[in-house]
Structure formats: C-alpha cells, structure tokens
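Before any comments, here is the structure.
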Amino acid sequence: MTLQKQMTVDGNEAAASVAYRINEVAAIYPITPSSTMGELADEWSARGDLNIWGRPLTVVEMQSEAGAAGTVHGALQAGALATTFTSSQGLLLMIPNMYKIAGELTAYCMHVAARTLATHALSIFGDHSDVMACRQIGFGLLSSTSVQEAHDFALIAQVASFRSRIPFLHFFDGFRTSHEVAKIEVLSDDDLRALFPEELVRQHRDRALTPDRPVLRGSAQNPDTFFQAREASNPFYDACPAHVAEAMESFAKRTGRKYGLFDYYGHSEAKRVIVLMGSGVETARETVDYLVSKGEKVGVMAVRLYRPFSVEHFIGALPKSVKSIAVLDRTKEPGAIGDPLYLDVIAALREAEDLEQLPFPMPRVIAGRYGLSSKEFSPAMVKAVLDELEARQPRRRFTVGIVDDVTHRSLEYDPEFDIEPDDVVRAVFFGLGADGTVGANKNSIKIIGEETDFYVQGYFVYDSKKSGAMTISHLRFGPRPIRSTYLIKNAGFVACHQFHFLERMNVLDYARPGAVVLLNSPHAAAEVWEKLPRDAQEQMIEKKVKLYVIDGSSVAIQTGMGGRVNTIMQTCFFALSGVLPRDEAIAKIKQSIEKSYARKGDEVVRRNWAAVDLTLENLHEVELPSTATTTRAPMPVVPAQAPEFVQRITAVMMSGKGDLLPVSAFAPDGTWPTGTTQWERRNIAIEIPIWDPEFCIQCNKCAFVCPHAAIRAKVYGKDALTGAPDAFQAVDYKGNDYKGMAYTIQVAPEDCTGCNLCVNVCPGKDKTNPKHKAINMQPLSEHAAIERPNFAFFLDLPELDRTALPRLDVKGTQFLQPLF
C-alpha cells in the first residue's frame with residue numbers, strides 16, 4: 001500500500017484528474033453539471049499538463065454531444081485511448097454511437113454527472129434518469145457515491161473496461177457529488193501506471209483499424225446472421241463482473257481502499273435492508289450506523305456495478321438474516337411494474353431462489369422512489385423507509401421526500417430527526433449567484449482541508465437562474481470522513497451576505513441555539529437591530545445567538561472591490577469561527593487570493609488584500625435585548641393583487657418552501673400559467689439607476705441596453721399624470737413626433753440587478769460635473785420605497801398606439817403611412 005497525498009476538490013475535478021492522465025483524446029461538449037470536467041481537461045491540456053505517457057491530452061470541442069461521441073468512436077477505432085464527459089440530454093445524443101462502441105466490444109470509459117432528463121419540464125439537477133436510459137446499450141455501469149469514489153472509480157472503470165473489452169459509463173450524482181467539495185486521497189501517476197498495465201493498452205492498439213491489418217468492422221447483416229452474431233458477445237458480459245472485482249482487488253492492495261461490486265454496511269444480523277446506489281448511499285450508511293448504535297438491526301446495500309448485474313455477488317453481499325428489503329430508485333419509469341433497480345433486485349432474488357442458490361428465505365421486497373431532480377434525501381427519510389419495512393403491511397410502491405396527496409404513495413417522516421454529531425462544525429452562507437460567495441466558500445473549505453487535519457465537505461445549492469439568484473453554501477468540517485450528503489439544518493454559524501434576504505425567507509431557521517449569526521448590513525451596528533423584521537428578532541432572542549454585523553458593501557467600495565463582498569465575508573468567517581488562529585487564517589486567505597487572482601493582475605490582488613485588512617475593524621458584535629423591539633413585519637412575498645396561482649404556488653417557491661408543495665398543486669402535464677415571473681421581485685441590487693431629467697437627451701439607450709427591461713421609457717399624454725405619486729418625474733418630450741406629450745424614464749427597483757449597464761451607456765452628462773449623468777446609481781435602501789409606487793404608476797400609463805407610429809426608410813426619411 002502506498003502513501004497518498006491529500007487534496008480538496010469537487011467530484012468533477014476528482015474524476016477528470018484521473019481521466020486526463022490515463023487517456024490520449026477527449027472530445028467534449030459542455031452541459032450542466034458535467035461541464036467542469038471538460039473545462040478542466042481543456043485547461044490542463046492548454047497548460048501542457050502531461051498524461052502518464054508524457055504527453056498532453058488532445059482535447060477537441062465539438063458542435064454537440066453527438067459529435068463528441070462520434071469523435072470518440074473514431075479515435076477508439078484508430079487505437080487511441082479516448083474519453084468524454086456529459087449529462088442528461090447530452091448523454092441521449094451520444095446513444096447511437098454508444099451502441100456501436102458497445103457492439104464492437106471497444107474498451108473505453110466515459111464519465112457522467114447524472115442529471116434529470118427533461119420531461120414535463122426541464123431540470124438541470126441530479127437523478128439517474130439519464131443513466132437509466134442507457135442500461136440496455138451494453139455499457140458497464142459503475143456508480144460512485146462520493147467525491148473519493150468518483151476519483152477512484154474513474155480508474156477502476158477504465159481498467160475493468162480494458163480487461164473485459166466492455167465499454168464503461170462511470171457515473172455519479174449531478175451536483176450532489178459533481179459539485180461537492182471534499183478532501184480526498186489522490187492517486188499518483190505511479191498508482192495509475194501500476195494499476196493500468198501497458199499490456200492492456202497494447203491489446204487495445206492491436207485491435208485498431210489500420211491499413212496494415214485491414215478488416216471490416218460495422219457491416220450490415222440480414223436476418224440469417226444478425227441474431228447469432230449478437231449473441232456471440234455473451235461470454236464477454238458473463239466474465240465482466242469478475243474483471244471488475246479483480247480491478248477493485250488490485251486497487252485495494254495498492255491504495256488500501258476496498259470496494260466490492262455490492263457493499264453491505266450495517267448490523268451483521270440485519271432484518272431490514274435498503275438497496276440503492278449513488279450519493280444516497282452515504283446518507284443511508286450514516287443513518288444506519290446511528291440506528292445500529294441504538295440497537296436496531298438494519299443495514300444498507302450499495303450497488304456499485306449496476307451493469308452487468310451479478311446475481312451471485314448481489315446475493316453473496318446480503319446478510320443471511322434479511323427479512324425485508326426496500327429498493328430505492330432515483331428515477332421514474334412511468335407505466336412499468338417497478339423502477340429499474342427494483343426490477344433487477346426482484347429478478348435476482350427470484351432466479352437465485354429457483355436455482356436453490358438463495359441462502360435465506362425469500363425476503364419481502366418493496367419499491368421506493370426518491371431524490372428526483374436533486375430532491376433532498378435526509379436521514380429522516382432513510383428512517384422512514386426502514387420504519388415502513390417494519391410495518392405489518394408495508395406499501396409495495398412508495399415515494400419519500402414529497403407529499404403525494406393524489407396517489408397517496410408518499411411516506412411521512414419526522415423533519416426534526418437529526419443524527420449529526422456535535423464534533424462536526426456546520427456553517428451555512430446565504431449569497432447571490434456571481435457575488436463571489438460560493439467561490440469564497442470553496443476557497444475556505446480548501447484552506448481548512450489543506451491546512452488542518454479536519455475532513456471537510458462543501459456543498460452549494462444553486463437556483464437554476466444562476467447569476468443573480470440566491471445561493472446557499474453548506475460547509476462541514478470535522479475529525480472523521482463526512483458522509484452527510486444532505487443539507488445542513490442546524491448550523492453553528494449562519495452568514496447572510498444579502499441583508500434583504502431576511503425579508504424574504506427564514507434565514508434563522510438554519511441556526512441552532514447559541515449559533516453565531518453574521519449579517520452583511522447597510523446599517524450601522526447601533527441601528528441594525530431596529531431594521532430587522534420582528535420574527536428575526538424573536539428567533540435571535542429565543543435561540544440566544546451571537547450577532548455580528550459588517551457593512552461589507554461599504555468596505556468593498558472603499559477598497560475598489562465594487563459590489564463583491566466575498567473576500568470580506570470570508571475574512572469574517574475565519575475571524576469568528578476559530579477554526580484557525582486569526583493571523584494564520586488571514587495569511588492563508590491572502591495566499592488563496594494571490595493564487596486565484598494573480599493572472600488578473602497585481603492591482604486586483606492588492607485590492608483584495610486591502611479588503612481583508614480593512615474587514616476586522618469594521619466587524620462589530622451587536623448585543624441582543626431581552627425582547628423584540630420592532631413592529632416591522634416581512635414584506636409580502638408577492639403583492640396582494642397577484643393572481644391566485646401566484647399566491648398559492650409561486651409565492652411559496654419564492655420564499656424557499658417549494659419542497660412543501662404537494663403533488664396536487666401541479667398540472668400533471670407540466671402546463672404553467674404565463675406571466676408569473678413579473679411577480680418575482682428578486683430585490684438583489686445594492687444600487688439602482690435614478691433618473692435626473694435635467695441632463696437627459698431622451699436617447700432611450702438605457703432602456704435599450706437593459707437586459708431585464710428593468711428601466712423603461714414611455715411617451716404619453718400629460719392628462720395621464722393625474723394622480724401621479726408626488727415623487728414621480730416627467731418632462732416634456734423633446735422630439736417633433738409627439739409635441740406636447742410627456743416623457744419618463746422609470747426604474748423597476750425590485751427587478752433591477754444593479755449591473756450598471758444603463759449608466760455606462762448614458763451619454764447625457766452635467767458639463768460642470770461630468771461624473772454626474774442623466775442616469776446615476778443610488779442606494780436601493782434609500783430609493784426603494786419611493787420608486788416602488790412610481791413604477792406601479794408608470795405601468796398603468798397608456799402605451800402609444802403602435803399603428804400611429806411613423807415609419808422610417810433606410811435613409812431615415814419619415815413616411816406618413818402607418819407602420820401596420
């Protein structure tokens with residue numbers, strides 16, 4: 001066994017690191033959540049990083065995933081070692097070539113961050129529906145449950161493929177594993193060389209199509225021969241599980257990490273067993289360990305080699321005491337008797353029983369479905385499944401993690417069930433996509449992972465809107481490997497990087513009693529308490545939290561960081577958490593800044609360093625009073641005039657409670673009302689554009705350039721100004737077309753993202769002060785209450801009759817006839 005260095009990476013990088021070093025060609029096309037694997041391979045190749053044969057990987061980006069698969073197919077037939085990375089619909093586009101690769105018994109390994117397929121709706125999140133669409137192709141399917149396994153199985157799958165000639169699809173859960181950051185033991189180049197013998201490579205090259213040894217591959221066959229030729233590959237599939245087991249055994253001898261085709265965890269005399277694959281195994285394993293410590297006889301079976309499915313190895317891994325089994329699938333196969341893994345387990349048990357090879361009485365088997373589209377799968381849900389197995393008449397088909405009030409198949413579970421140990425530090429951070437929060441937390445988890453003996457885990461919850469949408473970062477670190485592949489609910493540290501989130505959702509629900517709460521607040525420490533909603537004040541007092549505030553945005557502006565508060569809030573975290581001595585933590589943060597931003601220039605590094613230095617003197621603790629002192633209530637998520645559907649469905653989703661909506665809330669065909677996004681007031685800007693009509697030339701460039709239509713221009717009759725808010729601004733229209741009419745530029749304060757494009761493009765300036773334009777960014781906190789009724793009034797102003805608009809020819813000459 002060799003000693004291995006440790007590294008803190010996400011699942012995509014863990015898999016790509018191995019794939020890069022044991023291949024010669026990668027054909028790529030990006031698709032979430034696998035894109036990072038291809039991007040890293042491309043970056044490493046451009047940098048000149050070498051594979052184990054001393055050459056950079058040749059990376060080719062194609063026009064689609066279909067093209068990538070075709071390129072891989074061609075490279076393989078030429079004798080090259082090739083790979084690709086994909087997910088979801090991208091994987092479906094590869095299927096035609098995958099059938100050919102498998103049918104030609106071509107050694108090859110591809111890597112898939114498993115993701116939901118678009119059905120009634122598109123989803124970028126993770127489940128096994130894409131992989132399950134490939135189970136009949138003839139590929140081996142090897143499932144990883146963690147970041148470490150994604151790294152290890154990237155090698156094991158390729159070695160097994162070259163031993164067996166069966167192509168392999170190595171997969172792990174999209175986002176839950178692909179984007180989780182964890183500390184792993186890294187396979188060295190020497191490990192890869194030792195476990196991937198040159199003889200296997202030579203045999204692959206000997207099978208290549210070449211003019212020196214001409215053969216025909218890919219013929220057309222008629223009914224007289226096709227069937228027989230198709231069955232000729234049976235011995236290769238029959239032998240494949242043994243080759244995988246052999247690869248795993250060699251791997252264990254080299255690294256000390258032992259894997260089986262099926263791995264059982266739990267009580268040696270378990271009566272109730274869950275069977276599943278993917279990241280859910282880690283949650284189930286952690287829960288089973290907890291329940292076994294409480295005296296329960298339960299267990300969990302991890303399916304690693306799903307195809308070819310080895311009945312012998314499956315039966316051999318089950319405890320002889322098993323009485324009942326729950327098979328959990330992370331996919332839905334409508335109309336089938338059961339979902340795929342369940343059907344395979346039933347068939348395996350029945351076949352073993354018929355052949356008198358079942359060493360225990362036939363257990364009762366029930367089928368469950370969980371985790372579609374990255375739906376949370378928690379210890380409470382695992383316990384609910386095990387409890388269902390104990391019922392006298394358990395449901396034969398069930399779901400867990402949702403409320404099914406239509407077909408009534410969902411299991412109830414206790415959301416308060418908590419098994420996390422006290423010696424694991426848990427922290428939650430609320431930020432906005434592209435504000436740097438996620439990047440800073442990835443740096444933090446890497447600093448902790450690489451500078452301490454702690455094991456670490458970082459997971460990041462993204463909205464599909466990505467940039468400008470809310471992100472929640474979940475960080476754990478502790479003395480043992482962390483198997484908690486579920487979200488944190490009771491954190492000892494909660495940071496809210498956007499103050500207005502306190503108005504929209506219950507951020508403090510995540511805080512455990514006595515937690516440290518850090519707020520990025522535009523209000524001074526002496527004023528911030530009165531700016532909090534009453535329910536936030538009550539929760540803080542009840543939980544006896546320690547409250548700290550900093551005006552991170554002000555520090556960012558002072559140090560030239562613009563609106564990015566990530567470095568500032570990261571410094572606060574290390575200062576308050578105590579995970580590292582303060583001076584050491586700050587030194588490590590500065591090293592991380594230099595590593596991340598050096599290529600952007602010394603000035604960017606200097607500004608970030610200045611932000612770190614200025615942070616601590618602006619960080620203040622707020623003493624909590626004994627009672628809540630404000631009558632401020634959170635603003636309604638949507639206005640009272642919003643349609644019933646928006647009130648009932650959209651508002652719940654916007655408040656972060658969409659998981660509570662039952663099945664009956666949704667149309668079975670995915671139909672959705674139009675116009676619902678107009679009620680989603682994201683309120684994410686720190687500053688918004690305010691119009692100064694004195695310097696406006698009425699060019700409308702601001703409205704033209706705005707990517708969200710958050711600033712608009714309108715020409716209208718002056719009589720429409722009756723009843724306008726006192727602060728509503730209007731001036732005479734300057735053009736000749738509509739003499740005597742009024743003109744207004746109006747911002748939508750809650751829709752604006754604060755991107756500054758309108759100010760950048762505005763040509764209207766105060767000649768005595770050129771920095772002052774006709775559009776100027778001003779703090780949202782000072783203008784929201786004024787501009788909100790202004791925008792509502794603006795929307796009700798009449799639109800011009802489009803049929804009366806003058807038409808221009810290419811030379812700009814006006815025609816009198818109407819446009820339509």
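The values are calculated or read from the model by the stated rules, or taken from the named source; none is laboratory data. Not measured: the values here are computed from a predicted model. Here Cβ is always computed from backbone atoms with ideal geometry, including for glycine, and neighbour counts include all displayed protein chains. Keep in mind that these areas ignore ligands, DNA and RNA; they rest on the heavy atoms of the full protein, side chains included. Shrake-Rupley method; radii C 1.70, N 1.55, O 1.52, S 1.80 Å.
Treat every Asp and Glu Cβ in the chain as -1 and every Lys and Arg Cβ as +1, leave all other atoms uncharged, and give the resulting dipole magnitude about the Cα centre to the nearest 20 debye.
Using only the charged Cβ atoms, the result is roughly 760 debye.
Quick one: what are the phi-derived ³J(HN,Hα) couplings along the stretch 611-624, Karplus 6.51/-1.76/1.60 with θ = phi - 60°, whole Hz, x for glycine and proline?
Values per residue, Gly and Pro as x: 4, 4, 5, 8, 5, 5, 6, 9, 8, 10, 8, 10, 6, 7 Hz.
Each residue of the stretch 533-543 in turn: what ³J(HN,Hα) in whole Hz from Karplus with 6.51, -1.76, 1.60 and θ = phi - 60°, glycine and Pro shown as x?
Karplus-based 3J(HN,Hα) across the stretch 533-543 equals x, 4, 5, 5, 4, 5, 5, 4, 5, 4, 8 Hz.
Going from most exposed to least, what order do Val186, Val403 have by accessible area with a 1.4 Å probe?
Most to least solvent-accessible, the answer reads Val403, Val186.
Have a look at Gly38, Ser464, Gln729 and report the one farthest towards the positive end of the charge dipole of the chain, computed about the Cα centre with Cβ charges (Lys/Arg +1, Asp/Glu -1).
Of the options given, the answer is Gly38.
Going down the table (Lys489/Lys544; Lys465/Lys546; Lys714/Lys773), which pairs top 26 Å between alpha carbons?
Among Lys489/Lys544; Lys465/Lys546; Lys714/Lys773, the Cα-Cα distance tops 26 Å for Lys465/Lys546.
Report the relative contact order of the chain, percent, no decimals, based on alpha-carbon pairs under 8 angstrom and at least 6 residues apart.
Reported relative contact order: 8 percent.
For the chain, take the longest principal axis of its alpha carbons; what is the angle in degrees between that and the long axis of helix 566-577, to the nearest 10 within 0 to 90?
It works out to around 70 degrees.
Taking H placed 1.01 Å from N in the peptide plane, check which residues at least 5 places from Leu547 or on another chain put their amide H under 5 Å from its amide H.
Val517, Val622
How large is the helix-only mean residue ellipticity at 222 nm for the chain, computed as the sum of -39500 (n - 2.57) over DSSP H runs with n ≥ 4, divided by its residue count, in deg cm²/dmol to the nearest 500?
When only DSSP H runs of four or more count, the value is -10500 deg cm²/dmol.
Got a sec? Charge dipole of the chain, +1 on Cβ for Lys and Arg, -1 for Asp and Glu; which of Ala748, Val428, Pro634 is way out at the positive end?
Ala748
Cysteines without a disulfide-compatible partner in the chain, using Cβ under 4.7 Å as the rule?
Those would be Cys109, Cys134, Cys240, Cys496, Cys572, Cys696, Cys699, Cys706, Cys752, Cys755, Cys762, since no other cysteine Cβ in the chain comes under 4.7 Å of theirs.
Excluding residues fewer than 8 places away in the same chain, name every one of the lysines whose C-alpha is closer than 24 Å to that of Lys332.
Lys375, Lys383, Lys657
Which residue, Gln4, Tyr413, Phe162, has the largest displacement toward the positive end of the dipole of the chain when charges sit on each Cβ (Lys, Arg +1; Asp, Glu -1)?
Phe162
Assign unit charges at the C-beta atoms only (+1 for Lys and Arg, -1 for Asp and Glu), then state the dipole size of the stretch 686-813 relative to its Cα centre in Debye, rounded to the nearest 20.
It works out to roughly 580 debye.
Which aspartates and glutamates does Lys297 reach when only Cα atoms under 15 Å apart count, and residues fewer than 8 places away in its own chain are ignored?
Within the straight-line cut-off, Lys297 pairs with Glu269, Glu286, Asp289, Asp387, Glu388, Glu390.
Taking amide hydrogens as modeled 1.01 Å from N in the peptide plane, which residues meet the under 5 Å criterion relative to Thr471, leaving out close sequence neighbours?
Here the answer is Gly431, Leu432, Gly433, since their amide H atoms fall under 5 Å of that of Thr471.
I need the phi-derived Karplus couplings for the stretch 141-152: 6.51 cos²θ - 1.76 cosθ + 1.60, θ = phi - 60°, integer Hz, Gly and Pro marked x.
10, 10, 10, 9, 10, 8, 5, 4, 5, 4, 5, 5
Only bridges with both residues in the chain count here: give the DSSP antiparallel percent, nearest 5.
Here the antiparallel bridges make up roughly 50 percent for the chain.
What percentages, rounded to whole numbers, describe P(r) for the chain computed over all alpha carbon pairs with 10 Å bin width beginning at zero?
Reading the bins upward from 0: 2, 11, 19, 22, 19, 14, 8, 4, 1, 0.
Starting from the Cα of Lys767, draw a straight line to each of the aspartates and glutamates and keep only those under 19 Å, dropping any in the same chain fewer than 8 residues away.
Straight-line reach from Lys767, under 19 Å: Asp692, Glu694.
To the nearest 10 degrees, how steeply does helix 437-451 sit against the main Cα axis of the chain, on a 0 to 90 scale?
So the helix axis and the longest Cα principal axis differ by about 50 degrees.
Would you mind checking which residues have amide H under 5 Å from Val365's amide H? H placed 1.01 Å from N; only 5 or more apart, or other chain.
Long-range HN contacts for Val365: Ile325.
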